[in-house]
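Take a look at the structure below.
Readers should treat all values here as calculations from the given coordinates under stated rules, not as data from a laboratory. Computed from a prediction, not measured in an experiment: that's the story for all the values here. Note: ideal-geometry Cβ built from the backbone for every residue, glycine included; neighbour counts use all protein chains shown.
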Amino acid sequence: MSTLRIAVILGSTRPGRNGKAVADWIVDRAAARTGAEYELVDLADWPLPFMDEPLPPSMGQYRHEHTRAWAAKVAGFDGYVFVTPEYNHSIPGALKNAIDFAYAEWNNKAAAIVSYGTVGGIRAAEHLRAVASAVQLAHINQQLAFSLFTDFEDLTRFEPAPHHDAAATKLFDGLEAWSTAMKALRD
């Protein structure tokens, strides 16, 4: 079986976002993994307009080049780690829009969630679980939730507590196991 490919999708595009440091921390921890290759996919590098396809993504008939390129990018992975802040008890619009642009490319794959915010981004994570289910992404239970008050110095400089390292290992283990199982299902 070939090596798993997992995208670390940075879901915030906001200037001055804290998410880049969180995503970099995830990618750094994942670099030591031997069961999968992890790649940062920053939505700021994928300036998708608001959904502009005339047909539902579930039909797979993408008219626009930006949609075809994004769908191809998503399709190239066996699993995903979504890094999301909590904005108004939910995920950023850019992340929801990026998920909405594709459908079959997400199906029967695994996802993990890393969230951050004043209460660890847990409400965003729960909303993201519902969205993931709608595109047939199997989301694992283990998640990381970083508090702006305890894991960020002055609410801006990311300095996660040491206990997150063990939780990250558990997240990677679960995601890789589920990604392997889902890959067998797709094959």
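Semi-axes of the equivalent ellipsoid of segment 100-182: what are they in whole Å, largest first, if each equals the square root of 5 times a C-alpha gyration tensor eigenvalue? List each step's numbers first, then the result.
On the way: eigenvalues 134, 50, 15 Å².
Whole-Å semi-axes of the equivalent ellipsoid: 26, 16, 9.
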Exercise for the section: Would you pull out the residues with amide H under 5 Å of Glu37's amide H, same chain only if 5 or more places away, H placed 1.01 Å from N? Expected result: Leu4, Arg5, Ile6
Completion exercise
In nm, the gap between the two label points placed 7 Å beyond Cα toward Cβ at Gln61 and Ala161 is 5.3 nm
Practice task
Just flag the chymotrypsin sites (Phe, Trp or Tyr not before Pro) in segment 111-187 sitting in loop per DSSP whose Cβ has no more than 13 other Cβ atoms within 10 Å.
Solution key: Phe149
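In the chain, what % of DSSP beta bridges are antiparallel (nearest 5)? Working shown, then result.
Values: 3 of 30 bridges.
Taking every DSSP beta bridge with both residues in the chain, the antiparallel ones total about 10 percent.
Using R₀ = 35 Å, calculate the FRET efficiency as 1/(1 + (r/R₀)^6) where r is the Cβ-Cβ separation of Asn108 and Arg33; round to 0.05. Write out the running numbers ahead of the final one.
On the way: r = 22 Å, r/R0 = 0.62.
The formula returns an efficiency of 0.95 here.
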Exercise for the section: Search the structure for amide H atoms under 5 Å from the amide H of Phe152, placed 1.01 Å from N in the peptide plane, and list their residues when 5 or more places away or on another chain. Expected result: Glu159
Problem - Sparse-neighbour loop sites [trypsin sites (Lys or Arg not before Pro); segment 1-87; at most 14 other C-beta within 10 Å; DSSP] - result: Arg63
Completion exercise
When the charge dipole of the chain is computed with +1 at the Cβ of Lys and Arg and -1 at the Cβ of Asp and Glu, the Cα pointing farthest to the positive end, of Val27, Val83, Asn108, is that of Asn108
Problem - Packing-based exposure ordering (other Cβ within 10 Å, fewest first) of His163, His127, His64 - result: His163, His64, His127
